[in-house]
Each structure stands twice: as C-alpha cells, then as structure tokens.
Amino acid sequence: MKNLLMICAGLILSVALQAQDYTKAVDADPAAKALLEKLKAKYEGYNSMAINFSLLIEFPEEPQETQKGTLLQQGNKFRLDMEAQRLISDGKSVWLYLKNNKEVQINDAEQDDSGGILSPNDLLKVYNSGEYVYALINAYEENGRLIQQIEFKPLDSYSEYSKIRLTIDKNKQEVIRIKAFSKDGSRYTLLIDSLTPNPSVPAGSFVWNKSECPDCYVEDLRID
C-alpha cells in the first residue's frame with residue numbers, strides 16, 4: 001500500500017483464519033457470527049463516531065513503528081487524520097492530503113482504493129458479505145476484561161494478508177484491536193484507544209478546504 005492511510009483504510013479488506021481449513025462462506029462459525037451480530041447492532045446504532053487510534057507497524061528485522069491518528073465518521077462520510085497524511089470523504093469524493101509533499105489527490109469515492117472500510121462499524125460488515133469465513137479462537141482475561149478473539153479467512157487466494165485477528169471486549173461488546181498479518185511477514189495492529197459515540201460533527205468536516213493548505217498542488221483524478 002502506498003501510504004499509512006491506505007494501510008488503515010484497507011487493513012481489513014483481506015482476512016484469513018488460523019488453524020482452520022474453510023473453503024466456503026457457509027463454513028463460518030455460528031457462534032462467531034452471533035457475537036458479530038451483537039457488535040454490528042451496537043455500532044450501527046451510532047449516528048456518528050469519533051475514534052482515537054494507534055497503528056503499530058512491524059517489518060521483519062526492523063524496529064516497531066507507532067503512528068497515532070483520529071477518525072471521525074458519519075455514515076459513509078469520514079475524516080481520517082495521521083501525522084503526515086489526511087483522508088477525507090463526503091461519500092462522493094475522496095481527498096488524500098499528503099502534508100509533507102503539500103499535495104492533494106482527489107478521487108471518486110467508488111474508485112478510491114481505501115475501500116471505505118475505516119472503523120469497527122465498517123469492519124463488522126465484512127462477515128455478512130459472503131466473501132469470508134471466520135471463527136472464534138482465543139478467550140481469556142486481560143486487565144480485568146473478558147476477551148474474545150475472532151479470526152477471518154478470505155476466499156480469495158490472492159489476498160494481501162494471511163489472516164486478521166479481531167480482539168473484542170466481550171462484556172462491553174467493543175472492538176479493542178485489529179491485527180493484520182501480511183504474507184510478506186509484516187504486521188499491522190490497529191489499537192482503538194478511545195471511541196466516542198454520537199459526537200457533534202462540525203460543518204465542513206467531510207470536504208477538503210483549501211485553507212488547510214493554500215499552497216498545495218491539487219491533482220483531480222475524478223472521472224466526472
């Protein structure tokens with residue numbers, strides 16, 4: 001992926017299931033589906049959500065890197081902000097702001113390779129797509145919380161990732177972290193530091209404002 005925002009946005013597009021040999025979506029674990037249904041209902045009940053997150057990046061034989069970020073989402077609109085990059089969408093267009101380069105790229109939302117999957121709510125839609133299988137794996141206590149993990153497997157053998165592990169606070173029915181295992185040996189862990197349901201959304205949050213970078217070079221790649 002070309003940048004960290006694309007990693008965040010595409011983290012859960014391709015997933016796999018550890019220690020299972022499933023080949024069809026109907027092979028998915030019914031108990032895992034029941035838990036995912038509860039999580040999905042909770043997140044879909046929010047009109048908007050604000051998330052503070054940490055992205056842990058691990059490459060073989062290299063020190064771990066940590067990036068902090070925020071996400072504001074309302075329906076299919078979002079604003080994802082990290083140290084060097086910002087990704088904004090109003091549901092029709094997507095603006096990628098590369099801060100260090102002073103460059104903005106604009107794409108149609110349906111053509112953008114971020115996949116539109118950016119939050120726990122979006123993650124929980126994939127299990128019902130018919131393109132993945134999944135099952136409950138580890139259950140344990142962590143810092144006084146009852147933890148349940150679910151792992152997914154893509155039916156597409158060309159998936160970029162070998163597996164993804166979803167870690168859930170079972171009592172609160174909240175996603176704690178998402179860890180993606182890439183086939184090249186790299187690992188990406190998205191830690192949800194905090195989630196605020198139904199925050200107020202300032203006007204203009206989901207469109208690019210030239211005042212954010214008056215000197216930026218803008219490349220408009222939209223078809224229409």
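The values are calculated or read from the model by the stated rules, or taken from the named source; none is laboratory data. Since this is a predicted model, take the numbers as computed values, not measurements. Don't worry about glycine lacking a Cβ; one is built from the backbone with ideal geometry, like all the others, and counts go over all protein chains shown.
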Could you count how many residues in the stretch 36-58 are surrounded by 14 or more Cβ atoms within 10 Å (Cβ to Cβ) and either in contact with a strand residue (DSSP E or B) (Cβ under 9 Å, 6 or more places away or on another chain) or polar (S, T, N, Q) (or both)? 16
Among (1) under 20 Å from F152 (Cβ atoms); (2) modelled with pLDDT of 90 or more; (3) outside any strand (DSSP E or B), there is one condition D21 misses while meeting the rest; what is its number? (2)
If we keep only residues of the stretch 48-76 that are under 16 Å from the mean Cα position of the chain (by Cα), at negative phi and outside any strand (DSSP E or B), then the residue modelled with the highest pLDDT is S48
For the stretch 118-157, give me the residue count where each residue is within 18 Å of L191 (Cβ to Cβ) and at pLDDT 85 or above. 11
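Can you tell me which residue in the stretch 24-47 is modelled with the highest pLDDT, limited to those that are farther than 24 Å from Q73 by Cα and either polar (S, T, N, Q) or not in a loop (DSSP other than H, G, I, E, B) (or both)?
Narrowing the stretch 24-47 to residues farther than 24 Å from Q73 by Cα: 24-34.
Filter once more, so that each one left must be either polar (S, T, N, Q) or not in a loop (DSSP other than H, G, I, E, B) (or both): 25-27, 30-34.
Details: A25: 48, V26: 50, D27: 56, P30: 86, A31: 90, A32: 87, K33: 84, A34: 87.
Taking the candidates together, the pick is A31.
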Within the stretch 154-197, how many residues turn out to be out of contact with any Phe, Trp or Tyr (no Cβ under 6 Å at 6 or more places or on another chain) and of a type in the set (G, A, S)? 4
Kindly establish whether E103 is surrounded by fewer than 13 Cβ atoms within 10 Å (Cβ to Cβ) and either at pLDDT 90 or above or hydroxyl-bearing (S, T, Y) (or both). no
Of those in the stretch 162-177 that are over 14 Å from E142 (Cβ atoms) and of a type outside the set (A, V, I, L, M), the residue surrounded by the most Cβ atoms within 10 Å (Cβ to Cβ) is K163
Working only within the stretch 88-109, note down all residues that are within 10 Å of Y217 (Cα to Cα) and not in a strand (DSSP E or B). N101, K102
